[in-house]
Structures are given as structure tokens and as C-alpha cells.
Amino acid sequence: MAQSSEIEWTDATWNPVTGCTKIGPGCDNCYAERFAERWRGIPGHAYEQGFDLRLWPSRLGQPAAWRRPRMIFVNSMSDLFHKDVDRRHIDRVFDAMEDADWHVYQVLTKRSSLMRDYMRRRYGNQPVPRHIWLGVSVEDAPRSSRIEHLKQIDSEARFISFEPLLGRIGEVDLSGIAWAIVGGESGPGARQMDGRWATEIREHCERDGVAFFFKQWAARGPSPAVVSSMVKSGMASLGRSCRSQS
């Protein structure tokens, strides 16, 4: 588990799974794949296998060993709901999050229907624990069905990452969503983002009472960290409130 993270909307990362496969245009310039493939074939390195899918049972105890409460991005280098991740391993990941409940966990996926189905099996008619935040990535309008899958989960901490934002999302109902992150693509070959696409999402957030976080414009460069309604510290406060009400 990383001791810190350069991702503006979290404190640390935890990767009990690494590696993934592409399922949409948002994956084309995947930063995680680019990083992992640099180390392919280097004996003993954590990414000796490159970006091939790998489960890490040895990392399941890491959150419990980290005593100071943090916001933890789960699987920054993978997707927990990849179809080839054994359900028993997902169970153990959630067991670990439930046991170390002084942290806030941010679980982000593009496999939204698989996440929805798993939550229904695991929690039945009970809500997802408030310290486990569930999110989906949505890069353009054709992928907006992921939002409906997310809203079908009984959770008070749903979030959406519109990053990389590659096209207009269009009219979308964000009621029931707690938080939206918007950002352009970064790194080599970054595709451009039209500012009007981001503005439209911000307007939907204001209409539907959703916290809005603007992460970055497209291409390389420092994040402007423009926040409309809630900065990361505010999200941390929400996390503490969620835990205190559990």
C-alpha cells in the first residue's frame, strides 16, 4: 500500500489486485498500464508480470496495519470487479475493509453491473457500510448507463469519476450521487476536453445537490484543483460523519 498518493481526491492507495484489460475508450491511454509495463520482466519487481492481472492475498492485511485514519483508493492499478477476479478474493477485500473501518475506502470501477450484482449478493437488503464509497468511471455519453447501475446500489456514498472526460455526457440525473470528479486526460497522447462538457456536468451537480471536484484540464500540467462545492477535506469530514453514524 502506498504511504501517500499524488491523486488529489484521496490520501493513499491499496492494491490487493493489479493489472486489468481494456473495456472502453477511457482505457486507451491507461496510466496504470503505462506504469506497470515499464517493469515487465524485471525479476522480483511487483510488476514483473507487467499489467497482467494478479491477485495479492499478502496485501489484504495492510489497511488494519495502518492505524491513522485515511481515505484509501482501492485498486488504483486495477479494477476490483474485473470478470477474472475470483469472487472469494473480492469477499476478502471487503472483509478487510469492514474490519479496518476507521478508514474510508473509495472503490472505483468501469464494470458497474458486476459491482451492483456483487453488492446485492453481499449485503442483501442492507445498505453498504458508510465508510465504503462506491464509484463508477464515465468518460462519455455511451458509458452513462454505469450511473444507473451505481444508483441501483443501496449506498449513501456513491460517486462518479468523469475522467478522462472524452465527450459530452448530456442530460443525466445525478440525484442520489454524493460526489462527482471531472478531469481531462493527462500523459502522452492525451485527448482534449471541451470545457463546455465539464461546465454542463457542474450545472447538473448544482441542480441535483452533488459535490463537484474539478481535477484537471487535458494533457500534462498541474491540476487547477478548482472545487465548486466540496474539497477533499470536506469529503474527509463526510467520511468521519458516515463512520460516526454507522
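Data for the structure
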| item | result |
| --- | --- |
| Sum of -39500 (n - 2.57) over DSSP H runs of 4+, divided by residues of the chain (222 nm, nearest 500) | -8500 deg cm²/dmol |
| Protection proxy ranking of 80-90, 110-120, 140-150 - average other beta-carbon atoms within 10 Å, highest first | 110-120, 140-150, 80-90 |
| Whole-angstrom gap from region 11-33 to region 61-85, using each part's C-alpha centre | 13 Å |
| Loop sites in region 2-62: GluC sites (Glu not before Pro), DSSP, at most 14 other Cβ within 10 Å | Glu6, Glu48 |
| Gained length - Ala141 relative to Tyr123, 0.36 nm times residue gap less alpha-carbon distance | 3.5 nm |
| Label point 7 Å beyond Cα of Gln192 along Cβ direction - residues of region 136-155 with amide nitrogen under 20 Å | 139-141 |
| Rough spin-label spacing in nm, given labels placed 7 Å along Cα→Cβ, for Gln152 and Glu37 | 3.3 nm |
| Along principal axes, Cα extents of the chain, largest first, whole Å | 46, 44, 31 |
| Förster-model FRET efficiency, 22 Å R0, Glu98 and Arg67, C-beta, rounded to 0.05 | 0.85 |
| Label-point separation in nm, Leu53 to Asn29, each point 7 Å along Cα→Cβ | 2.7 nm |
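Laboratory data are not the source of any read-out in this text; all were calculated from the coordinates shown. This is a predicted model, so every value here is computed, not measured. Because the Cβ atoms are built from the backbone with ideal geometry, glycine has one as well, and the counts that use them run over all protein chains shown.
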